[in-house]
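A short worksheet on the structure shown next.
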Amino acid sequence: MDEPFLLAQDEDEIEQPSSSSDYQAMKLKQFQGKIDASFSAMQTSFDYLIKTINKNPDRIIFDVENIIVLGNLATYTIPLDAVLSKLKNPFAGGSGLQATKTTRKGELKGRESSVCIQPDYRNVADLPGCDVLDSYFLMLLNDDKFIHQPAHGPLRRAMLQLYGLSVSPASAVMKTWIESTTAAEFKPEESAAEIKGTDGWKWRVSDSNPLVHGYSIWFKKKNQRKWTKVVDDSSLFEYSYHYDDVLSILELLSDSPRVLVHDEPYASDEYFMHEVAKHHAPVALRIQNDQQERASS
């Protein structure tokens, strides 16, 4: 007798679980098929990863415990154990890629920063781990191109921490970034950035002094020809952690000295306010009035 004709299951029909041996066997077979498919996809992605490494033997190299990627802007050191632990057991430890140690181009020692770039999990959730790793290596190899993408702010900030305002392999990128996000003019050949403030003032920020931990700040008033230094070291700011990069300082300076005269004290920094007060009577008067108000309250 022929087998009964089975109607195709409607795609919108909700599957109902069953304890029957046939149903359980079917689900086990499906599970095995998905695992086999993931292993196959992992092998394919691993092959592409090895191909990327083999294509770049002078730029993806190994030391005892690390994979080192030589980018166009910087050098990136990735611990092997961190990579292998994710591939062996993705359930262990925290999620995402660990921060990668970043040193100056062609160097493994000296000044360093770290860059923490995570994949877009909406787009890579179904990708094998080696695909994500391969994409990460390709991004680091081509860091001078990827750094322009909006999502790679951490990479831009790492370059700023690594090279500061001086001439470097990242100068062109930094110039584009700083001048597109602020009203400043970046001058890497002078290790400086300049920006217009309020009341006819112009400000200059520099990190050229190796004995200074933060930034030095100068100003010019309207019709003033020479720069006047107002802050030797921005790390002396009372709230220096608010101004640990040049972008935050430029934001403050673009609204100064107005913000020091009219806004609430917490809108700027008290140390900076007192230094500017030595050169600008309205700020000095503001400080005097604030002190009198506190004394009488």
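The values are calculated or read from the model by the stated rules, or taken from the named source; none is laboratory data. As the structure is a computational prediction, the values presented were derived from the model and not from experiment. So basically every Cβ, Gly included, is an ideal-geometry build from the backbone, and we count neighbours across all protein chains shown.
What to note about this one:
Residues are listed down the side, and each one gets a yes or a no for (1) modelled with pLDDT of 95 or more; (2) loosely packed, with under 14 Cβ neighbours inside 10 Å:
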site: Asp58; (1), (2): yes, yes
site: Val64; (1), (2): no, yes
site: Leu87; (1), (2): no, no
site: Thr100; (1), (2): no, no
site: Leu108; (1), (2): no, yes
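- Residue match in the stretch 28-47 (condition: over 21 Å from Leu84 (Cα atoms) and in a loop (DSSP other than H, G, I, E, B)): no
- Top-ranked residue of the stretch 133-156 - restricted to ones that are part of a loop (DSSP other than H, G, I, E, B) and surrounded by 13 or more Cβ atoms within 10 Å (Cβ to Cβ), ranked as modelled with the highest pLDDT: Asn142
- Taken as a whole, the structure places Val230 among residues that are touching a His at 6+ places or on another chain (Cβ under 7 Å) and surrounded by 14 or more Cβ atoms within 10 Å (Cβ to Cβ).
- Looking only at residues in the stretch 253-272 that are modelled with pLDDT of 90 or more, surrounded by fewer than 23 Cβ atoms within 10 Å (Cβ to Cβ) and hydrophobic (A, V, I, L, M, F, W, C), the one that is farthest from Arg294 (Cα to Cα) is Val259.
- Residue in the stretch 25-45 that is closer than 16 Å to Phe137 by Cβ and of a type outside the set (A, V, I, L, M) present: yes
- Residue list for the stretch 210-222, restricted to those being touching a residue at least 12 places away in the same chain (Cβ under 8 Å) and either aliphatic (A, V, I, L, M) or over 21 Å from His242 (Cα atoms) (or both): Val212, Ile217, Lys220, Lys221, Lys222
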